[in-house]
Amino acid sequence: MSEEQLIREERERRIAELEARQARRPRSPLRVPVALVGIGVATALLVMQWREVSYFFSPRTPLSLGAEGEYRYPERVSNRYAQLHGVPTTQGAYEREGDAVFVLVGLRDSPFLVRRPALPGEEWSQGRKPPQPDQRPFAVRGRLLAEEDASRYSEAFKLMREKGEVQPLQGRLWIIIEGQRPGEDLGRLVVTLLLVLVIAANGLFLVQNLRRPTASKNGDEGGATSR
């Protein structure tokens, strides 16, 4: 046998030894728990995002809820794009997001509140008494949410109930977030897709991790038989 053949066989033998050693290498006991935690956290976050994802893919044609005195209450569906017209209540609530001011105002003798950007004359700063909301009737389009789906605005719901200018329907109030239209929040969709990828990647790891012991055992038994 030539020297070149000996070198080749030695190299192949060492490669086989390395591959066998790699297959028998003990796995880190932390990998499976970490993957399970990753799946659990990503799933929890995905559930929290589900209402936003559902609204993203909801119909872009607004539900028509009518106007003052002629509201179509059976048409209301939470987490849908909707439109209506009404007369504002004499009092409302104000909030600030960065430099933007928003007004939460009710529609008289209805179960509806509206969150909209402040109009000229509704300027407000923290620590000052808020002005009366603009009293002109108005039309609005936006995201319709039932009270239980809009916990962020619980204080506004409570305030408007106390003032008595809105009328809960079957014990509930509703709010329209002006300007929020389906299919616009691409950032939320990207986050959701990333969470799905995290779940899928960790799930694939677990499947492969569960299959490896069987494959290694079969390989060891085959080697013992050949000897």
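Here is how the numbers come out for the structure above:
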| quantity | calculated |
| --- | --- |
| For VAL77: the one exception among (1) under 27 Å from GLN49 (Cβ atoms); (2) surrounded by 15 or more Cβ atoms within 10 Å (Cβ to Cβ); (3) touching a residue at least 24 places away in the same chain (Cβ under 8 Å); (4) among the hydrophobic types (A, V, I, L, M, F, W, C) | (2) |
| Residue among GLY183, GLY142 that is over 17 Å from the mean Cα position of the chain (by Cα), within 28 Å of MET48 (Cβ to Cβ), surrounded by 11 or more Cβ atoms within 10 Å (Cβ to Cβ) and not aliphatic (A, V, I, L, M) | GLY142 |
| From ALA100, ALA44, ALA118, residue being hydrophobic (A, V, I, L, M, F, W, C), within 27 Å of LYS163 (Cα to Cα), without any contact (Cβ under 8 Å) to a residue 60 or more places away in the chain and loosely packed, with under 13 Cβ neighbours inside 10 Å | ALA100 |
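Bear in mind that the values in this text are calculations on the coordinates, not laboratory data. Every value quoted in this text rests on a predicted model; they were computed, and no experiment measured them. Positions of Cβ are backbone-derived with ideal geometry, glycine not excepted, and every protein chain shown enters the neighbour counts.
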